[in-house]
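Trainee: Sharing a structure here in structure tokens format.
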Amino acid sequence: DAPIGYISATKELCNYGRLDVWNPKAEEYYISPMEDDKCGWEEYWKNEETKLVHFIGKDNIVFHCIIFPAMLMAHGDYILADNVPANEFLNLEGQKISTSKNWAVWLNEYLVEFPDQQDVLRYVLTATAPETKDNDFTWKDFQARNNNELVAVFGNFINRVTVLTHKYFEGKVPMLMEVTEQDQAVIDELATYPAKISASIENYRFREALGEVMNVARLGNKYLADTEPWKVIKTDEDRVRTILHISLQIAANLEILIEPFLPFTADKLMKMLNYGGHKWEDAGTLNLLARGHQLNEPTLLFAKIEDEQVQAQIDKLNNSKAANAQANASLVPAKENIQFDDFGAMDIRVATITAAEKVEKTKKLLKLTVNTGLDERTVVSGIAE
């Protein structure tokens, strides 16, 4: 049964390391083998304290929920899966993904054609994950989600708050001054998100969890738009200190909350904010960045994806479709099905091979003597190799 291969794959991981799939320049298959004392494969498959989760497609439910568990129970030494989240199917541009027909998005090609945009693909795949019904990945939707969500919401908020902090306070986290009711409402709402996101993740509702993280970015954007620090700075600098202090704390919270989904983005944001070491338990508070903490220079987290880039990907798929159609057109049409009476007139028998010898001056041919039960016959078969 195929799932047994996951056990041997775990052994291979522990003995040799893992493939650096997100590095387009990786030449070696494996990187950084894990030490035995940190990666004993039996810890994954036999330790009762291990929580084993199988992420699969719906077509494999029977194997992971019936056949594989039955085999493990029969053996007796292996733990069973704690949960088996099974997704529906993800199609590509309205058609079933097929690697044999080149109707697919190849990761190595994506990393070359969209450099430094690993997280965009991760974001779109999570946001469109077919958790409860079949869904469709399209390049136009990929572009729209990047430009309208990652760039316009998440990236825009981070860019505005960091640029304004450098402009007004030399890139240092300003002091939190008087907190208004408006401020407190934002602070209270921020505190609710870590628990909601955690609950969604623990229940394997990753689309929902990612949506809540984006709501934190929307909270920050709305707060800046409502308070307008670029206008208030002319009359009340202390008020701007509070606005930017709270906004920077929201940005630091985003670094923690987005990391499970967009690790490369989280790393960029961490470097921009010039801090690190915070844990998930720290999220939801205004205690992440100290007063006077120096930020690094702002950089854009995401870049807009242009129509030409998307059209190039659509053209690649259309070229694959045309090539497949041409290949199919050259095939000899199948003959029409025979009637059952014609099939019934056939005499099909299983024969016993009683002798076999190679045909001289050939590599593949065997001369076989077969017993049909009625007579003996000699046939030639190309099964020598």
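Trainee: Have a look at Ala312, Ala290, Ala283 and point out the one that is surrounded by 10 or more Cβ atoms within 10 Å (Cβ to Cβ), of a type in the set (A, V, I, L, M) and over 23 Å from the mean Cα position of the chain (by Cα). Show your work before the answer.
Mentor: Working: Ala312 fails: over 23 Å from the mean Cα position of the chain (by Cα); Ala290 fails: surrounded by 10 or more Cβ atoms within 10 Å (Cβ to Cβ).
Going through Ala312, Ala290, Ala283 in turn, just one is surrounded by 10 or more Cβ atoms within 10 Å (Cβ to Cβ), of a type in the set (A, V, I, L, M) and over 23 Å from the mean Cα position of the chain (by Cα): Ala283.
Trainee: Mind checking which residues of segment 330-371 are among the polar types (S, T, N, Q) and out of contact with any strand residue (DSSP E or B) (no Cβ under 8 Å at 6 or more places or on another chain)? Break it down into steps so the answer makes sense when it comes.
Mentor: So in segment 330-371, the residues among the polar types (S, T, N, Q) come out as 330, 337, 339, 352, 354, 362, 369, 371.
If the condition is that a residue be among the polar types (S, T, N, Q) and out of contact with any strand residue (DSSP E or B) (no Cβ under 8 Å at 6 or more places or on another chain), then Ser330, Asn337, Gln339, Thr362 are the ones that fit.
Trainee: Separate question: Within segment 62-99, restricting attention to residues that are under 23 Å from the mean Cα position of the chain (by Cα) and at positive phi, which residue is surrounded by the most Cβ atoms within 10 Å (Cβ to Cβ)?
Mentor: That would be Glu93.
Trainee: Say we look at segment 106-121 and pick out the residues that are more than 18 Å from Pro260 (Cα to Cα) and assigned to a helix (DSSP H, G or I); which of these is nearest to the chain's Cα centre (by Cα)?
Mentor: The qualifying residue nearest to the chain's Cα centre (by Cα) is Leu107.
Trainee: Also, I was wondering about something else. With respect to Val124, is the statement that it is among the aliphatic types (A, V, I, L, M), in a helix (DSSP H, G or I) and touching a residue at least 40 places away in the same chain (Cβ under 8 Å) true?
Mentor: no
Here's the yes/no breakdown for (1) surrounded by 16 or more Cβ atoms within 10 Å (Cβ to Cβ); (2) in the same structural domain as Ile314 (by TED's automatic domain parsing); (3) under 29 Å from the mean Cα position of the chain (by Cα):
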| position | (1), (2), (3) |
| --- | --- |
| Lys133 | no, yes, yes |
| Arg145 | yes, yes, yes |
| Phe157 | yes, yes, yes |
| Val163 | no, yes, no |
| Glu170 | no, yes, no |
| Glu181 | no, yes, no |
| Gln184 | no, yes, no |
| Asp188 | no, yes, no |
| Thr192 | no, yes, yes |
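Trainee: I've got another one for you. Just one of Leu262, Leu248 is crowded, with 18+ Cβ neighbours inside 10 Å, at pLDDT 95 or above and within 28 Å of Ala104 (Cβ to Cβ); which is it?
Mentor: Step by step, each of Leu262, Leu248 is checked, and only Leu262 is crowded, with 18+ Cβ neighbours inside 10 Å, at pLDDT 95 or above and within 28 Å of Ala104 (Cβ to Cβ).
Trainee: Six or more apart or on different chains, Cβ atoms under 8 Å: show the pairs whose first residue is in segment 210-222 and assigned by TED's automatic domain parsing to the domain that holds Ile256 and whose second is hydroxyl-bearing (Ser, Thr, Tyr).
Mentor: Sorted first by the residue in segment 210-222, then by its partner, the pairs are Leu210/Tyr123; Leu210/Thr126; Glu212/Tyr193; Glu212/Ser200; Val213/Tyr193; Asn215/Tyr193; Val216/Tyr193; Gly220/Ser247.
Trainee: When you scan segment 137-148, do you find a residue that is assigned to a helix (DSSP H, G or I) and closer than 19 Å to Pro260 by Cα, even just one?
Mentor: yes
Trainee: Check whether at least one residue in segment 70-92 is in contact with a His (Cβ under 9 Å, 6 or more places away or on another chain) and in a helix (DSSP H, G or I), and report yes or no.
Mentor: no
Trainee: Of the residues Leu244, Leu273, which is in contact with a Ser or Thr (Cβ under 6 Å, 6 or more places away or on another chain), assigned by TED's automatic domain parsing to the domain that holds Met175 and not small (Gly, Ala, Ser)?
Mentor: Leu244
Trainee: May I ask you to list the residues in segment 160-203 that are within 18 Å of Tyr275 (Cβ to Cβ) and aromatic (Phe, Trp, Tyr)?
Mentor: Of everything in segment 160-203, just one residue is within 18 Å of Tyr275 (Cβ to Cβ) and aromatic (Phe, Trp, Tyr), namely Phe169.
Trainee: A further question on this structure: Being without any contact (Cβ under 8 Å) to a residue 24 or more places away in the chain, hydrophobic (A, V, I, L, M, F, W, C) and farther than 15 Å from Asp315 by Cα is the filter here, so list the residues in segment 83-109 that pass it. Spell out how you get there, then give the answer.
Mentor: Here is the first cut: in segment 83-109, the ones without any contact (Cβ under 8 Å) to a residue 24 or more places away in the chain are 95-100, 104, 106, 109.
From what's left, hydrophobic (A, V, I, L, M, F, W, C): 97, 104, 106.
The answer is Ile97, and nothing else.
Trainee: At least 1 residues that are over 54 Å from the mean Cα position of the chain (by Cα), exposed (fewer than 11 other Cβ atoms within 10 Å of the Cβ) and at pLDDT 85 or above in each: list the strands (runs of 3 or more DSSP E) lying fully within segment 326-382 that qualify.
Mentor: Hits in segment 326-382: 352-358, 376-381.
Trainee: As an exercise: evaluate Tyr78 against (1) assigned by TED's automatic domain parsing to the domain that holds Leu317; (2) farther than 23 Å from Phe206 by Cα and give the number of the one condition it does not meet.
Mentor: Among (1) assigned by TED's automatic domain parsing to the domain that holds Leu317; (2) farther than 23 Å from Phe206 by Cα, the lone unmet condition for Tyr78 is (1).
The values are calculated or read from the model by the stated rules, or taken from the named source; none is laboratory data. Treat the numbers as computed from the prediction; the structure is a model and nothing was measured. Note that we place each Cβ from the backbone using ideal geometry, even for glycine, and neighbour counts take in every protein chain shown.
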